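Engineer: Before I ask anything, let me first share the structure, which is written out below as structure tokens.
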Amino acid sequence: MKTSPSNLQKTLENGKFAVTAECGPPRGANVKVVRQKAELLKGVVDAVNVTDNQTAIVRMSSIAASAHLVQMGLEPVMQMVVRDRNRIALQSDILGAWSLGIKNILCLSGDHQTFGSQPDAMNVFDIDSMNLLRMVKNMRDNGKDMSGFELNEAPQMFIGAAANPFADPFEYRVIRLAKKIEAGADFIQTQCIYNMKRFKEWIRLSREEGLTEKVYILAGVTPLKSAGMAKFMNNRVAGMDVPEDVIKRMEGVPKEKAVAEGLKICLETIAELREIKGISGVHIMAIEWEEKVAEIVKAAGLQK
């Protein structure tokens with residue numbers, strides 16, 4: 001059965017600059033939290049990422065939270081990690097998600113449980129994120145599960161993956177992007193960008209390999225709230241690269257003006273990204289700060 005493509009897919013295929021945001025499910029079963037966040041994003045962005053037990057902390061499932069967004073008229077990008085499920089559960093959840101009207105998926109490894117609130121939990125990692133991409137693509141394009149069993153309806157997911165241009169070794173970043181595209185990624189969302197020089201080099205190399213013609217790249221941005229946040233992200237968050245000049249800029253303003261300065265940096269980043277060939281949109285990760293997304297989108301001239 002053929003269904004219409006997701007709104008995110010149509011936006012990107014039509015050459016429009018896409019905007020996605022993020023909604024982290026609550027540490028509990030209260031759906032009001034999801035709905036309150038969703039109301040702040042409704043009509044503001046093309047799609048909303050729903051995280052899957054991010055930072056390895058138990059939260060409402062990404063499938064359930066995504067289904068709530070669908071009911072509210074928003075389009076979710078359901079994140080799915082391989083940390084917690086074997087291949088049987090992954091395929092089952094993909095089928096279930098599709099049946100609930102969830103059309104976009106972001107395939108991830110997931111933060112290791114030792115970084116979360118239950119470090120003694122047993123991980124799964126039956127397959128890795130690359131094979132998860134292949135799995136979803138096979139289910140969609142061939143209508144079969146991993147055992148070769150024919151599905152009575154194939155989940156026509158728009159498939160996404162993550163990329164971190166700032167991880168080491170840098171030389172491997174473009175090779176890994178190529179592998180994810182080959183595995184099945186239709187779109188890519190990147191780690192949040194502060195080191196524009198390194199990001200531009202990654203995009204340049206990706207263009208040279210013809211990769212930006214094969215996948216839609218949504219560049220990640222996160223507004224800073226303080227100099228302390230900038231330092232924490234640079235020193236304590238794996239794969240993050242916050243240059244010293246950005247940290248000094250945040251330190252150079254009074255505390256009461258730090259939020260405004262962080263938003264200004266975010267808007268400058270978006271403006272610069274819009275001028276880069278090969279960038280198809282931005283992914284705004286306003287961590288537990290959803291109320292600022294509409295302000296950022298409006299100020300950046302990206303209203304829907």
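The values are calculated or read from the model by the stated rules, or taken from the named source; none is laboratory data. On a predicted model such as this, the values are computed, not experimentally measured, just so you know. Don't worry about glycine lacking a Cβ; one is built from the backbone with ideal geometry, like all the others, and counts go over all protein chains shown.
Engineer: So, of the residues in segment 222-244 that are of a type in the set (D, E, K, R) and in contact (Cβ under 8 Å) with a residue 40 or more places away in the chain, which turns out to be surrounded by the fewest Cβ atoms within 10 Å (Cβ to Cβ)?
Structural biologist: Selected residue: Lys225.
Engineer: Could you list, in sequence order, the residues of segment 44-59 that are modelled with pLDDT under 95, closer than 24 Å to Phe158 by Cβ and assigned to a loop (DSSP other than H, G, I, E, B)?
Structural biologist: Scanning segment 44-59 gives a single hit, Asn53.
Engineer: Here's a follow-up. Quick test of your reading of the structure: Ala219 fulfils all but one of (1) buried (at least 19 other Cβ atoms within 10 Å of the Cβ); (2) closer than 17 Å to Val82 by Cβ. Name the failing condition by number.
Structural biologist: (2)
Engineer: If you don't mind, another one. Assess whether Gly110 counts as being at pLDDT 95 or above, farther than 16 Å from Gly184 by Cβ and not acidic (Asp, Glu).
Structural biologist: In short, no.
Engineer: Sticking with this one: Counting only residues that are more than 21 Å from the chain's Cα centre (by Cα) and either surrounded by fewer than 12 Cβ atoms within 10 Å (Cβ to Cβ) or under 27 Å from Tyr172 (Cβ atoms) (or both), how many does segment 258-273 have?
Structural biologist: 1
Engineer: Here's another thing I want to ask about it. From the list Val282, Val253, Val259, Val293, which one is in a strand (DSSP E or B) and of a type in the set (Val, Ile, Thr)?
Structural biologist: Val282
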